[in-house]
Amino acid sequence: MLEPSTALPGRFDDLDLRPELQRALTALGFEEPTPIQQAAIPVLLQGADVVGRAATGTGKTAAFALPILQLLAEGQRPKAPVALVLVPTRELALQVCAAIESYGRDLRARVLAVYGGAPIGKQWRTLEDGVDIVVATPGRALDHLRRGSLALDGLRTVVLDEADEMFERGFAEDIEAILEETPAERQTVLFSATMPPRIDGMIRRHLRTPARIEIAAPAPVAGEAPKVTQKAYVVRRSDRAAALARILELESPTATLVFCRTRTDVDDLTEQLNGRGYRAEALHGGLGQEARDRVMGRLRAGTAELLIATDVAARGLDVDVLSHVVNAELPSSPEIYTHRIGRVGRAGRDGVAISLFDPRQHNQLQFIERITGNKISIEALPSVAQLRTAKMGRLVGEVAALLAAGDVAINDPALEALLDEHDPAKVAMAALQLAATRDGDRLSEDAIEDLSFRLLRRNNERPDRPVRSDRPERTERFGRTEREDHPVRADRDERFARPDRSERPERGPRPAGGPRGTTAGMTKLFVGAGHDVGLRPKDLVGAITGEAGLRGSDVGAIDINDRFTLVEVPSDRADDVIVALRGTTIKGARATVRRERFTAGSGPAPFKKKGFDGDAKGGPAKRPTW
């Protein structure tokens, strides 16, 4: 295993890169390579296979991109690519493609991002014209490979970037199939933030005595505790924007980075928070480099309060002004959680990490606590009254500081007129009240159910609750009484008493056919492909995770039949999945994708391999109504 040391190059000038690359790095402001670049670039330039483990945002893209660009031929180049970079998401494909283009601009490097959801015909034509480096998601790369539009015979290097994330999204078999079609003498590079055991098998099968490079996270300074306060709030997804507005109003952050899972989530949350009076900016893979630079400039200049981003788009960001990090929903792993909250609390500054989670994710929060060794305090969502009190307290403090500084003008004629007619204390209070309600649109009166109470009570951390004066004493209200003497209990028993079985009405016939009930919070989709095309659950999961940006754990029950498949996806992402799957192929063919149309009692009989049975009277089989 290689570790960075004093023997490694301290500057890019020491790496002996070709002049075109040196000029590009200088123009981009890069002077010193990061530890992963120091350790990996010299080894890759020698042609060795590499397994690199380092956290996100450590410069892994340049670590593999610069050696690839170093070996590009001068002058006329072949049409087939010499390098293939596999990444888990379309956002990362676009980001890596843009980075490689910026490094290789003076070499006129031809780089193409290949991913689902984009017109495959345009990608095909670009591949026919010739490219040097292809950056692709595994599903779309395999699709091109099967169509014959992606030639791998001339590959010198294959890179598996964010390998753990690709495995998490169900791409393991696609990667195996792609690697089987590459030349045996290729150079293989695998980078990952974590190394789960299942990746080891792939390393043994496809890498030749690789150099292992591990860049450990910097150790904390002795005697200096992390200065990140970690909090969590139990919030339903539908209340997320309103709840976050309340939390931010209570926290009063300098600048905040909010993490979302997908670009759709980023755009939706940005729009909702801007509608509440916040200055929020979106950052995801759909933005070009120029737009991305404008967003970052506004954040650093203080003209934007919130930066709402995906994990992929936020990689490599280093913003000194950040005071808060927010997980709009819990990340999928403790490692991602650690990387996110590491954005604040740097250089001795205090920071706050806030996580919003659904009640069903409580176990996931406890798992993150256990693995990271951090205590994440579950807080009660602040009420509007609490926020107004806190804001008034801040205003009073600001007024006191202004008075102490002696910068208050007291000869304003309008103020003197007010003081002649009204008591000075009342004038001051009226001014404070006006200032406190000036941006009252942020303090929305939205009714948000406080779900923290149940969890806090379970953990014996019940928060202080307002006491209602009209309630009887606890001992009187909840004192033990016999059921027949307690009017409320007696009334309840009468209303909910079960009738004698003989008095119950007979049940009607159970509807024939049709799928089982859909899981709460999920929507069932119809996919017009099944056993007839050899569809397997992992094929469908891979397509959904690769094209729609979901994780494997987001996909629910899958029911594969002869000619169609039913699959459950989160209801709030159903439309995204439909659009994404319609733009790609499943098992090499396009399939109909729509919401399931089954109505209980009117559905078809189950499909059978030999076709449909006729009806009870011997007539022809009815067509299914899917």
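Each value in this text was obtained by applying a stated rule to the coordinates, not by laboratory testing. The structure displayed is predicted, hence computed values, not measured ones.
Miscellaneous remarks
- For region 228-382, the Cα gyration tensor yields ellipsoid semi-axes of 23, 17, 15 Å (square root of five times each eigenvalue, largest first, whole Å).
- For region 228-382, the relative contact order is 38 percent, taking Cα pairs closer than 8 Å that sit 6 or more residues apart in sequence and dividing their mean separation by the residue count.
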